[in-house]
Amino acid sequence: MSIFDRFSLAGRVALVTGGGRGLGFEIARAFAEAGAYVVVTGRTAAVLDGAVAAIAKGGGSAEAAAFDIADVAAGRAVIADIRRTRGRLNILVNNVGARDRRPLAAFGDDDILDLIRTDLLSAISLSRDAAEIMKAQGHGRLIAVTSIVGEMARPGDAIYPAAKQGLTGLMRSIAVEYGAHGVTSNAIAPGMFATETNAALAEDPDMLSFARQRVPLQRWGRPEEIAGAALFLASDAATFVNGHVLTVDGGMSVQM
């Protein structure tokens, strides 16, 4: 087998949460191009249908599963349905992340719990169920999309980094608990990416100046630039990579 063959996902089934747009869509599209059958999830059916159509246009195979990621029971039902219809689940990417930039004192307890349900609890539930399926198969890849803000703090943004750090801890724990069963667990920590959600920020002159000062590559990341990292971790090219956080930020987190 050549090194290029090791990047193939032919015959594998992947679930990508938040796969309708942004980084999730680019990850889903890359997996499909590499041969995987991809289930993309999100809250808006029309957005997911557009993503599935785009993947199909590129020659890939995908389907949509619309549900609110904070609904743990709905997530478990999707996992169960994939196992029933496809017979396996090889890759799970927990990509969804909600953010609310406000001073910590402005958050009520319910606000905090809503973010934690979306950003952390949902991933814990999906990872638990997926890991058990993968353990029975003797093979699996769990990938969490976290963030460099888990390590780099800014005022007025406390809950999102807290949840992302929790997710990093989860993936490392799974790496230890399930590694002996052929299941690897890793994270990708993106930096500043010009996704649809960040479009206004990415075009703001002050933020462009900030990127030039703080990012050694002197620009925002393009959404498609996340795909290679995810494909690597999902593939047999990364069979001995386990419990790792792969930072994709143009060097922002290492520049003083």
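Residue 150: closer than 23 Å to residue 96 by Cα, exposed (fewer than 15 other Cβ atoms within 10 Å of the Cβ) and not hydrophobic (A, V, I, L, M, F, W, C), yes or no? If you could, list the steps in order and put the result at the bottom.
Numbers: closer than 23 Å to residue 96 by Cα: yes; exposed (fewer than 15 other Cβ atoms within 10 Å of the Cβ): no; not hydrophobic (A, V, I, L, M, F, W, C): yes.
No, not satisfied.
Scan segment 16-41 for residues that are open to solvent by 10 Å² or more (accessible area, probe 1.4 Å), within 21 Å of residue 81 (Cβ to Cβ) and touching an Asp or Glu at 6+ places or on another chain (Cβ under 9 Å) and jot them down.
Answer for segment 16-41, where residues must be open to solvent by 10 Å² or more (accessible area, probe 1.4 Å), within 21 Å of residue 81 (Cβ to Cβ) and touching an Asp or Glu at 6+ places or on another chain (Cβ under 9 Å): 20, 37.
Among the listed residues 101, 141, identify the single one that is open to solvent by less than 20 Å² (accessible area, probe 1.4 Å), more than 19 Å from residue 66 (Cβ to Cβ) and in contact (Cβ under 8 Å) with a residue 12 or more places away in the chain.
Going through 101, 141 in turn, just one is open to solvent by less than 20 Å² (accessible area, probe 1.4 Å), more than 19 Å from residue 66 (Cβ to Cβ) and in contact (Cβ under 8 Å) with a residue 12 or more places away in the chain: 141.
For segment 157-197, which positions are of a type in the set (Asp, Glu) and crowded, with 22+ Cβ neighbours inside 10 Å?
Hits for segment 157-197: nothing passes.
Going residue by residue through segment 21-42, is there one that turns out to be of a type in the set (Lys, Arg), touching a residue at least 24 places away in the same chain (Cβ under 8 Å) and farther than 24 Å from residue 190 by Cα?
no
In segment 224-240, what residues are more than 18 Å from the chain's Cα centre (by Cα) and open to solvent by 60 Å² or more (accessible area, probe 1.4 Å)?
Answer for segment 224-240, where residues must be more than 18 Å from the chain's Cα centre (by Cα) and open to solvent by 60 Å² or more (accessible area, probe 1.4 Å): 239, 240.
Looking at segment 81-98, which of the residues that are out of contact with any Gly (no Cβ under 8 Å at 6 or more places or on another chain) and open to solvent by less than 20 Å² (accessible area, probe 1.4 Å) is nearest to residue 162 (Cα to Cα)?
Residues of segment 81-98 that are out of contact with any Gly (no Cβ under 8 Å at 6 or more places or on another chain), as a first pass: 81-88, 94, 98.
Cutting the leftovers down to open to solvent by less than 20 Å² (accessible area, probe 1.4 Å) gives us 82, 94.
Working: 82: 30, 94: 16 Å.
The qualifying residue nearest to residue 162 (Cα to Cα) is 94.
Spot the failing condition for residue 58; the list is (1) modelled with pLDDT of 95 or more; (2) touching a Phe, Trp or Tyr at 6+ places or on another chain (Cβ under 7 Å); (3) open to solvent by 50 Å² or more (accessible area, probe 1.4 Å), and only one is missed.
Failed condition: (2).
Pull out all pairs, ordered by first then second residue, where Cβ-Cβ is under 7 Å, the residues are six or more apart or on different chains, the first lies in segment 201-227 and is over 19 Å from residue 22 (Cα atoms), and the second is outside any loop (DSSP other than H, G, I, E, B) and open to solvent by less than 60 Å² (accessible area, probe 1.4 Å).
These pairs meet every condition: 214/252; 215/252; 218/211.
Can you pull out the residues in segment 202-223 that are assigned to a helix (DSSP H, G or I), open to solvent by 30 Å² or more (accessible area, probe 1.4 Å) and either over 22 Å from residue 254 (Cα atoms) or small (Gly, Ala, Ser) (or both)?
Once the filter is applied, which keeps residues that are assigned to a helix (DSSP H, G or I), open to solvent by 30 Å² or more (accessible area, probe 1.4 Å) and either over 22 Å from residue 254 (Cα atoms) or small (Gly, Ala, Ser) (or both), segment 202-223 yields 203, 205, 209.
Would you be able to tell me the number of residues in segment 139-170 that are touching a His at 6+ places or on another chain (Cβ under 9 Å) and not in a strand (DSSP E or B)?
Summing the residues that are touching a His at 6+ places or on another chain (Cβ under 9 Å) and not in a strand (DSSP E or B) in segment 139-170 gives 1.
The values are calculated or read from the model by the stated rules, or taken from the named source; none is laboratory data. Nothing here was measured: the structure is a model prediction, and the numbers come from that model. A quick note on method: Cβ atoms are made from the backbone with ideal geometry, for glycine too, and the neighbour counts reach across all protein chains shown. Heavy atoms of the whole protein, side chains included, go into the accessibility calculation; ligands, DNA and RNA do not. Shrake-Rupley method; radii C 1.70, N 1.55, O 1.52, S 1.80 Å.
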